[in-house]
Amino acid sequence: MSYPADMPPQSGPHPQAQPNPHGGLAKLVGSVTGNNLNISRSVWKKVDMAYRQIKSMGDSAGTIFNSKAINKAPTAEQLTARARQSDKILVRLLALQGRYPEVARIAAGTDCEEIANLAIMRLMEADQDQVDLIEDLARGNNRATALALFGLLNTGYINLAEEIFVQRMHDGGLCAMVQRGLTTAFTLIALAGRLDQSLGKNYSRVYFDPVFAAVSQNPRELQRFLGELLGDPDPLGGRCVSSPCQSVPQEIKLMAISLSNAFDGPVRERCLCYAAADTDEVVARLATTLLIDYWGSADGCLPPGLQPFAMLNMTLLFHLCNMSASFKWPAPVDFDFYDREVDVLNQELERLDLRYDEPRQKAIQLRLEGIAREVEGIIERRMRSLQNLVNGISTMLNLPNAQLEVGEGSFMAAYIIGRGRIKVAHSLFLDDEPLSVDLMSTLLHEIGHMEQDVLVMRLMADDLGLVFGQHSRHLRPLMERYADAIGYAPDPMFLLAVLRLRNDTPLSTADRYRAERLIDASYETEQGHQTARLMETRIQHLEKSQETLLSGAFDSQLLTCLADRRTIESLFRQGQIPAVVLEEIADCQLEFVEVMHAFLTRRYEDVVFVRPSTKNPDALPMALIGGRRHQLVDLAQRTMRGASLEPLLWIVERLKHLLVEVLKEEQKILRLRLTDIRRAGYHEEEAYVISDRAEVIVRALRQGWYRVT
């Protein structure tokens with residue numbers, strides 16, 4: 001993934017977050033070096049009115065609470081998505097309240113596998129055994145049936161799961177459900193594999209033929225079946241990280257590889273790419289051999305829809321991958337030792353009485369600063385070592401040396417467009433293990449983006465007739481053209497390095513056409529970059545908002561949702577609030593009024609509940625005390641500040657969980673959309689071809705399956 005220069009990268013070709021095993025050490029080094037991403041903006045702003053306090057979460061959570069409702073009528077697809085969102089929230093809320101029969105009814109009645117799976121998970125996680133409900137679902141004919149069989153397995157009822165599975169395979173019920181779209185062929189084979197592992201049986205091979213027959217006449221379902229067997233989480237959708245299924249035996253995976261020969265080239269290639277990442281060496285090696293043979297053939301060398309470019313040459317790519325695969329850090333470092341020492345010193349610092357132990361405090365702080373400097377020195381040396389690798393790759397591609405710099409975020413590496421720089425995740429330098437296959441392929445992916453960037457600059461230089469050494473009058477027009485396409489001017493030093501290496505040699509006709517396609521893609525994806533930037537910011541703020549809600553710091557302000565529904569309405573696009581949310585708010589309102597009535601009548605002799613002055617039919621009643629009207633929410637908030645009223649705390653918890661589930665659902669939707677946006681555009685199509693091939697080749701070289709001579 002390439003990024004505009006003003007857009008901090010938050011992910012790369014592999015968007016999963018990188019775990020940081022050195023939390024305390026990383027924070028310490030970051031605080032000294034300034035590498036940590038410091039989000040100092042508060043999610044909650046100080047204002048006077050309670051409504052504004054809860055509403056202001058939106059100011060830093062991507063306008064969560066204060067976005068304006070859109071009056072445009074929702075589409076059928078949006079209505080379906082909203083209904084499913086409502087059901088997912090309802091399942092979570094019912095489970096929190098222990099209403100498991102209702103959870104099971106939703107599982108049995110839904111047409112959405114995700115909702116059925118969520119319901120089964122909640123039944124499995126229940127404090128009290130819900131095996132009867134799960135068994136009933138397993139004997140049914142709905143989306144939850146096969147998932148319920150997994151539920152029985154995962155809760156220890158293996159023999160019961162076996163009995164139901166064998167019976168329903170013999171009578172053809174489960175295969176019929178595959179044909180009706182109520183479950184998938186892969187689910188049945190994965191379930192059979194789990195039984196094989198637990199009981200030492202061979203159900204996966206015994207039942208493979210009838211399961212295969214259930215999808216063999218449907219090309220899309222057959223593609224989905226074989227892809228999922230080989231570790232593709234979404235064979236009919238966008239590419240994502242491989243997810244090998246450990247319960248599918250080797251024999252079945254090898255059969256899937258053989259059966260994939262019936263597909264056309266791109267579909268077969270995709271199946272093999274996922275199989276090459278399998279944890280089973282036999283499966284991975286066979287898939288790797290078939291892939292490399294395919295990529296070296298006339299049919300597989302150039303993917304459909306792409307223009308030829310240097311890194312599609314398998315000989316060159318093998319050399320680049322060999323350089324990457326053989327890379328090692330210059331010297332091992334025991335970062336765990338530093339991490340333990342930092343933890344011990346921080347613990348001691350917390351225990352010190354600063355009135356009497358100031359010298360010791362200064363000594364500890366000096367040692368912490370010393371550790372930070374030592375580790376930072378190690379990171380700098382490792383950066384130089386990795387820079388040498390990148391320089392070698394850049395030279396082989398006739399590019400200026402891509403400059404590495406440390407960054408923070410969930411990405412591993414990301415190219416900064418127009419700058420000739422690649423950001424590398426800070427945490428990668430704090431690990432003594434050899435650099436991962438993912439990182440090596442990602443580096444080549446990002447260098448591929450740099451090659452694209454250079455090609456675009458060369459095209460613009462050709463169009464201007466620029467001659468190096470006599471280029472001063474052409475620099476400004478070139479930078480303006482680049483800014484028009486990309487959104488900002490290139491770094492002058494990087495541009496000069498590109499022009500120097502260009503050596504006044506014009507692009508070939510094929511390269512010109514490719515460069516023009518890349519420029520067109522830049523125009524097309526500019527809006528996507530802006531949208532992705534907003535989405536990344538919103539996702540971060542959604543996470544922060546959830547943390548803030550769960551911290552309890554603003555519990556009393558949550559009661560404002562009961563008094564003014566606008567705080568909830570603005571959470572939802574199209575102004576369509578899921579029915580479950582309205583019902584939960586209405587239940588909380590009734591309970592809140594009852595709790596406050598009981599509390600106030602015990603506390604005041606002359607309290608009377610009266611209608612509010614507003615015409616809003618959903619408004620809460622007011623309390624008339626001593627002839628003066630009071631808002632119930634204001635009274636409740638003052639009560640919570642002075643004492644703990646258990647029924648009020650329960651209502652707050654219900655509201656808190658409601659809002660958190662809404663935010664989680666929004667976050668999940670945004671992440672899915674963000675993944676699609678990041679992979680959009682011709683330039684990304686090229687770059688992902690590079691990283692897909694590099695990942696397979698680097699892994700093969702490290703395993704010793706191939707050698708470069």
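The values are calculated or read from the model by the stated rules, or taken from the named source; none is laboratory data. This one's a predicted model, so the numbers in the text were calculated from it and none came from an experiment. No Cβ is skipped: glycine too gets one built from the backbone with ideal geometry, and neighbour counts run over all protein chains shown. We work out accessible area using only protein heavy atoms, side chains counted, and drop any ligands, DNA or RNA first. Shrake-Rupley method; radii C 1.70, N 1.55, O 1.52, S 1.80 Å.
Taking the Cα centre of each part, how many Å lie between segment 632-709 and segment 271-342?
Each part reduced to its Cα centre gives a spacing of 27 Å.
Measure out, as a whole number of angstrom, how far apart the alpha-carbon centroids of segment 481-551 and segment 132-158 sit.
Computed from Cα coordinates, the inter-centre distance equals 49 Å.
Can you pull the one-decimal nm distance between simple spin-label points at LEU352 and ALA262, each 7 Å off the Cα toward Cβ?
For LEU352 paired with ALA262, the spin-label model returns 7.2 nm.
Fully extended, how many nm does the chain gain between TYR706 and VAL206 (0.36 nm per residue separation, minus their Cα-Cα distance)?
Gain in length upon complete extension: 176.4 nm.
Evaluate the charge dipole of segment 121-248 about its Cα centre and quote only its size in Debye, nearest 20, assuming +1 on the Cβ of each Lys and Arg and -1 on the Cβ of each Asp and Glu.
I would put it at about 460 debye.
Per-residue counts of other Cβ atoms within 10 Å, averaged by peptide: what ranking do you get for 222-234, 151-163, highest first?
Going by the mean number of other Cβ atoms within 10 Å, highest first, we get 222-234, 151-163.
By accessible area of protein heavy atoms, probe 1.4 Å, what ranking do PHE494, PHE337 get, highest first?
PHE337, PHE494
At 1.4 Å probe size, with no ligands or nucleic acids counted, give the accessible surface of MET255 in Å², nearest ten.
50
In straight Cα distance, which aspartates and glutamates are under 15 Å from LYS664, not counting same-chain residues fewer than 8 positions off?
The reachable aspartates and glutamates, counting only those whose Cα sits under 15 Å from LYS664, are ASP87, GLU114, GLU536, GLU543, GLU547.
With a 1.4 Å probe and all protein chains kept in place, how much accessible area does ARG143 have, in Å² rounded to the nearest 10?
ARG143 exposes around 60 Å² with every protein chain in place.
Evaluate the distance, in nm, between pseudo-label points positioned 7 Å from the Cα of GLU524 and of HIS170 along their respective Cα→Cβ axes.
5.6
Gain in length, HIS597 to ARG360, computed as 0.36 nm per residue apart minus the alpha-carbon separation, to one decimal in nm?
Between HIS597 and ARG360, full extension yields 79.6 nm more.
What trypsin sites (Lys or Arg not before Pro) does segment 91-140 have in DSSP loop regions with at most 15 other beta carbons within 10 Å?
Counting only loop positions with at most 15 other Cβ atoms within 10 Å, the trypsin sites (Lys or Arg not before Pro) in segment 91-140 are ARG99, ARG139.
Ordering PHE592, PHE554 by how much accessible area each has at a 1.4 Å probe, largest first, what is the list?
Ranked from most to least accessible, the order is PHE554, PHE592.
Taking the highest mean first, how do the peptides 296-304, 272-280 order by number of other beta carbon atoms within 10 angstrom per residue?
Ranked from most to least packed, the peptides come out as 272-280, 296-304.
Under the 0.36 nm per residue contour assumption, what length would be gained going from the current alpha-carbon distance of SER385 and VAL241 to full extension?
49.0 nm
Suppose every K and R has +1 on its Cβ and every D and E has -1 on its Cβ; what is the size of the dipole of segment 439-481 about the Cα centre, in Debye to the nearest 20?
Here the size comes out at about 220 debye.
State, to one decimal in nm, how far the label point of LEU582 lies from the label point of LEU672, with both points 7 Å from Cα in the Cβ direction.
Here the modelled spin labels are 2.4 nm apart.
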